[in-house]
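Trainee: Sharing a structure below in structure tokens format, with a few things to ask.
Values in this text are rule-based calculations from the coordinates and carry no lab data. None of the values given here were measured: they were computed from a predicted structure. Note that we place each Cβ from the backbone using ideal geometry, even for glycine, and neighbour counts take in every protein chain shown.
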Amino acid sequence: MKELRLMKGNEAVAEAAIRAGCDGYFGYPITPQSEVMEYLMAERPHETSGMIVLQAESEVAAINMVYGGASCGKKVMTSSSSPGISLKQEGISYIAGAELPCLIVNVVRGGPGLGTIQPSQSDYFQSTKGGGHGDYRLLVLAPASVQEMADFADLGFELAFKYRNPVLILSDGVIGQMMEKVELKPHKPRFTDEEIRTNTPWATYGKTPDRERNIITSLDLDSHKQEDHVTHLAEKYKAMEENEVRYEEFQCEDAEYLIVAYGSSARISQKAVNIARAKGIKVGLLRPITLFPFPKKPLLNLSKQVKGILSVEMSLGQMVEDVKLAVECKVKVEHFGRYGGIIPTPDEVVAALEQKIIGG
Amino acid sequence: MSDIITKEQIRQPENLVYTKTKLLTDKALSYCPGCGHGTAHRIVMEVIEELGAQANTIGIAPVGCSVLAYEFMNIDMQQAAHGRAPALATAVKRLMPEKYVFTYQGDGDLAAIGTAETIHACNRGENITIIFINNGIYGMTGGQMAPTTLPNMKASTCPYGRDVKTMGNPLKITELIAQLPGVHYVTRQAVHTPGNVRRTKKAVRKAFDLQKENKGLTFVEIVSNCNSGWKMTPVQSNKWMEENMFPFYPLGDIKVDGQLVK
């Protein structure tokens with residue numbers, strides 16, 4: 001029987017993490033994502049699955065706890081919102097450099113600085129282009145519903161361990177705070193010690209006589225080795241681009257115009273597509289589900305069919321750069337966005353489409 | 001010349017009075033000759049060997065001179081970002097409470113950039129052991145002022161001596177964390193004489209034993225020399241340490257069985 005619940009996005013990702021067999025959550029309060037840790041603390045998963053939940057002294061400490069836990073082959077995660085995610089960038093860079101699997105959730109609010117506590121999508125560059133120092137990428141999943149907040153916890157862990165790479169769920173204040181019906185997956189057991197030894201033989205669980213010591217580090221003072229290491233990372237990112245692109249098309253079959261939007265902007269744009277179609281405008285929506293790897297090929301294909309593309313984001317225009325690169329500037333690409341915590345209405349999106357793409 | 005003992009003769013088993021622990025690798029130490037780090041490494045690894053805990057110990061290396069500790073310590077190790085070792089250790093211990101978990105950190109790492117991680121791991125009473133090497137200087141980066149640099153002591157970023165009016169006083173972080181209820185055992189030792197080596201080893205052993213009993217955080221500070229950073233010979237640096245560091249950082253137990261030593 002299906003297990004259905006009415007939940008906030010923040011609660012859904014927390015519940016789904018328990019069910020995904022998560023070993024440890026390390027967080028620090030920040031609006032609009034504090035419900036993740038509040039939910040976990042209230043659920044006391046330590047008494048059921050054995051998952052530990054710890055409130056750290058800072059986002060910096062929380063991500064470094066994730067680094068320590070991930071080094072042991074454990075399924076560990078953290079969550080935060082934009083200013084807190086900025087603080088975590090040091091740790092994320094180390095985790096990427098040391099090739100550790102983990103799950104990071106960013107429930108984005110408007111910036112820069114302390115900004116606003118209202119929803120935004122202005123962390124796209126930080127999320128998809130690295131974020132911290134050095135050459136690295138995160139695998140970025142962008143949920144557009146509370147259901148996807150739940151589904152991406154398990155998927156995120158799966159991909160993190162598949163690639164030994166941090167996975168970021170790039171959500172926003174809308175998806176984190178709104179309530180929707182969620183179908184919850186059955187509980188998965190946590191990794192056993194035996195599974196950790198078999199599946200993550202690189203992990204630091206104690207040096208046994210049958211193997212050399214395991215070392216988790218992102219340091220190599222020999223630059224030739226470091227270059228080889230970064231080349232290895234690049235190959236991994238290429239494999240992600242080949243295998244992990246996820247996206248959804250809505251009314252694209254006969255589309256003459258295209259909207260590209262992710263997360264809550266995609267929900268708003270879906271409504272905009274319906275309004276525009278009622279007015280006789282043949283417009284479709286491409287929703288990237290993975291922001292890295294970005295759905296370049298489907299966009300390039302659609303660019304041959306449509307007369308113009310509107311990138312709708314709650315930012316000054318960040319993803320629009322990737323859209324332009326994907327379509328190789330062969331078709332007109334414009335950006336429409338509200339920012340600073342303001343959410344665009346579907347009518348505003350339709351008006352922008354008419355002015356910037358159809359009339360422009 | 002039959003009265004001269006050859007290298008091969010010295011290496012005969014009957015002449016062997018001491019051997020390096022198997023928990024130190026054969027890699028040549030990267031530390032400057034005369035530095036106390038090598039001795040401190042040996043002590044920690046000897047204790048783990050005596051506990052038979054190679055398979056049950058996770059060490060966390062810092063950033064600083066001992067950033068490469070994992071090259072020398074023959075156990076599973078993680079290399080932390082600067083100052084964050086206690087955060088890593090917290091998670092490792094929480095996720096694998098049956099393991100021995102320790103951090104090995106210098107003064108810049110533990111008492112400057114990592115102050116928050118240090119204090120909060122201590123305050124939570126994490127069942128980990130912190131080995132704190134205090135030489136009052138940033139050795140790895142070339143001798144800059146550390147949080148524990150003594151008043152008027154010269155360093156490359158205080159070339160005229162540490163002016164406490166503008167640069168602050170040295171931070172006695174060990175006394176500070178000893179106040180916290182989560183901390184069970186705090187001691188300050190040295191490794192520059194055989195007697196001090198023996199006392200430090202006893203202290204490290206005690207810290208690990210208390211960790212096994214889940215008593216809370218155990219903290220062993222080792223006041224050490226940095227002959228390169230202090231621009232002295234090893235012998236001069238040990239003398240200077242006794243005359244200047246020890247009066248400011250007196251050796252001995254600071255907290256035992258959860259009680260401050262009067």
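Trainee: Over chain A, what is the relative contact order in percent, taking alpha-carbon pairs closer than 8 angstrom and at least six residues apart?
Mentor: 18 percent
Trainee: Moving on to the next point. For Cα pairs less than 8 Å apart in space and 6+ apart in sequence, what is the mean separation divided by the residue count of segment A:247-358, i.e. the relative contact order in percent?
Mentor: Relative CO of segment A:247-358 lands at 30 percent.
Trainee: Follow-up. For a footprinting-style exposure proxy, rank A:Asp222, B:Asp76 by other Cβ within 10 Å, fewest first.
Mentor: A:Asp222, B:Asp76
Trainee: Now, a different point. Under 5 Å between amide hydrogens, which residues at least 5 positions from B:Ile254 or on another chain qualify, with H placed 1.01 Å from N in the peptide plane?
Mentor: Result for B:Ile254 returns B:Val186, B:Thr187, B:Arg188.
Trainee: Right, another one. Take peptide A:208-216, look around each residue's Cβ out to 10 angstrom, count Cβ atoms belonging to other protein chains, and average those counts.
Mentor: The mean count of partner-chain Cβ atoms within 10 Å per residue comes to 5.
Trainee: Go through A:Tyr25, A:Ile259, B:Ile5 and say which Cα lies farthest out towards the positive end of the charge dipole of the protein assembly as shown; charges sit on Cβ, +1 for Lys and Arg, -1 for Asp and Glu.
Mentor: Among A:Tyr25, A:Ile259, B:Ile5, the one farthest towards the positive end of the dipole of the protein assembly as shown is B:Ile5.
Trainee: Sticking with this one: Within the P(r) computed for chain A, what percentage of the Cα pairs occupies the region above 29 Å?
Mentor: The share of Cα pairs beyond 29 Å in chain A comes to 40 percent.
Trainee: Once the Cα gyration tensor of the protein assembly as shown is found, what semi-axes does its equivalent ellipsoid get, as square roots of 5 times the eigenvalues, in whole Å, sorted largest first?
Mentor: Each semi-axis is √(5λ); the values are 53, 24, 23 Å.
Trainee: So, one more: Can you run phi through the Karplus equation (6.51, -1.76, 1.60; θ = phi - 60°) for segment A:140-154 and list ³J(HN,Hα) in whole Hz, with x for Gly and Pro?
Mentor: 10, 9, 10, x, 10, 7, 5, 4, 6, 4, 6, 4, 7, 5, 5
Trainee: Which entries of A:Lys188/B:Lys99; B:Lys93/B:Lys212; B:Lys22/B:Lys212; A:Lys88/A:Lys225; B:Lys172/B:Lys212; B:Lys201/B:Lys231 have Cα-Cα distances beyond 20 Å here?
Mentor: Distance filter (> 20 Å) returns A:Lys188/B:Lys99; B:Lys22/B:Lys212; A:Lys88/A:Lys225; B:Lys172/B:Lys212; B:Lys201/B:Lys231.
Trainee: Still on this model: From other protein chains only, count the Cβ atoms within 10 Å of every residue's Cβ in B:59-67, then give the mean.
Mentor: 2
Trainee: If you average the C-alpha positions of segment B:142-215 and of segment B:48-93 separately, how far apart do those two centres end up, in angstrom?
Mentor: 18 Å
Trainee: Right, next: Give the percent of DSSP beta bridges with both residues in segment B:125-262 that are antiparallel, rounded to the nearest 5.
Mentor: So the antiparallel bridges in segment B:125-262 amount to around 40 percent.
Trainee: Another question about this same structure. Can you list residues from other chains, or at least 5 along the same chain, whose modelled amide H is less than 5 Å from the amide H of A:Gly340?
Mentor: Amide H neighbours of A:Gly340, under 5 Å, 5+ apart: A:Gly111.
Trainee: How big, in percent, is the set of alpha carbon pairs in segment B:127-213 lying more than 15 Å apart?
Mentor: For segment B:127-213, the fraction of Cα-Cα distances above 15 Å is 67 percent.
Trainee: I've got another one for you. Using Cα pairs closer than 8 Å and at least 6 residues apart in sequence, work out the relative contact order for chain B, in percent.
Mentor: The normalised contact order for chain B reaches 18 percent.
Trainee: Here's another thing I want to ask about it. Starting from the exponent 0.38 and prefactor 2.2 Å, build the expected Rg for segment B:40-133 from its residue count and divide its actual Cα Rg by it.
Mentor: For segment B:40-133, the normalised Cα radius of gyration is 0.98.
Trainee: Count the net charge of all other residues whose Cβ sits under 15 Å from the Cβ of A:Ser82, scoring Lys and Arg as +1 and Asp and Glu as -1.
Mentor: For residues surrounding A:Ser82, the net value is -2.
Trainee: Which percent of the Cα-Cα distances in segment A:25-78 go past 15 Å?
Mentor: Here the tail beyond 15 Å accounts for 46 percent of pairs.
Trainee: For segment A:245-252, in order, what is each residue's ³J(HN,Hα) by Karplus, 6.51 cos²θ - 1.76 cosθ + 1.60 with θ = phi - 60°, in whole Hz (x at glycine and Pro)?
Mentor: 5, 10, 7, 9, 10, 10, 6, 9
Trainee: Name the residue, out of B:Ser224, B:Ser237, B:Ser30, whose mean-square fluctuation peaks in a Gaussian network model built on chain B with Cα pairs under 10 Å.
Mentor: The residue with the greatest mean-square fluctuation here is B:Ser30.
Trainee: Ignoring everything except DSSP H segments at least 4 long, calculate the 222 nm mean residue ellipticity for chain B; use -39,500 (n - 2.57) per segment, divide by total residues, nearest 500.
Mentor: -8500 deg cm²/dmol
Trainee: Taking neighbour Cβ counts within 10 Å as the exposure measure, how do B:Tyr18, A:Tyr39, B:Tyr138 sort from fewest upward?
Mentor: B:Tyr18, A:Tyr39, B:Tyr138
Trainee: Looking at chain A only, what percent of DSSP beta bridges run antiparallel? Nearest 5 please.
Mentor: 30 percent
Trainee: What are the ³J(HN,Hα) couplings of segment A:8-22, residue after residue, when phi is run through the Karplus curve with 6.51, -1.76, 1.60 and θ = phi - 60°? Round to Hz, x for glycine and proline.
Mentor: Karplus values, whole Hz, x for Gly and Pro: 6, x, 5, 6, 5, 5, 5, 4, 5, 5, 4, 5, 7, x, 5.
Trainee: Can you give the alpha-carbon Rg of segment A:129-250 over 2.2 N^0.38 Å, where N counts its residues?
Mentor: 1.32
Trainee: Stretch A:Asn243-A:Ala351 to full length: gain in nm at 0.36 nm per residue minus the Cα-Cα span?
Mentor: 35.2 nm
Trainee: Still on this structure, please answer the following. Which value in deg cm²/dmol, rounded to the nearest 500, describes the helix-derived mean residue ellipticity at 222 nm for chain A, given -39,500 (n - 2.57) per DSSP H run of n ≥ 4 and division by the residue count?
Mentor: Theoretical 222 nm ellipticity from helices: -12000 deg cm²/dmol.
Trainee: With bins 5 Å wide starting at 0, give me the P(r) of segment A:247-358 over every alpha carbon pair, in whole percents.
Mentor: 2, 14, 27, 28, 20, 7, 1
Trainee: Could you sort B:20-28, A:195-203, B:181-189 so that the peptide with the highest average Cβ count within 10 Å comes first and the rest follow in order?
Mentor: Highest to lowest by the protection proxy: B:181-189, A:195-203, B:20-28.
Trainee: What percent of all Cα-Cα pairs in chain B falls into each 10 Å bin, going from 0 up to the bin containing the maximum distance?
Mentor: Result, from short to long distances: 7, 31, 36, 18, 6, 2, 0 percent.
Trainee: What is the mean number of Cβ atoms from other protein chains located within 10 Å of the Cβ atom of each residue in peptide B:94-105, rounded to a whole number?
Mentor: 4
Trainee: Short version: what are the Cα gyration tensor semi-axes of segment A:191-301, square root of 5 times each eigenvalue, largest first, in whole Å?
Mentor: 46, 18, 11
Trainee: If you take every DSSP beta bridge whose two residues both sit in segment A:247-358, what share of them, in percent to the nearest 5, is antiparallel?
Mentor: Beta bridges within segment A:247-358, antiparallel portion: roughly 25 percent.
Trainee: Taking the Cβ of A:Lys129 as the center, what net charge do the other residues with Cβ under 10 Å away carry, scoring Lys and Arg +1 and Asp and Glu -1?
Mentor: -1
Trainee: Order of A:Met319, A:Met179, B:Met232, B:Met153 from fewest to most other C-beta atoms within 10 Å?
Mentor: A:Met179, B:Met232, B:Met153, A:Met319
Trainee: Something else about it: Hey, what's the per residue convex hull volume over the C-alpha atoms of segment A:3-193, in cubic angstrom?
Mentor: Value for segment A:3-193: 96 Å³ per residue.
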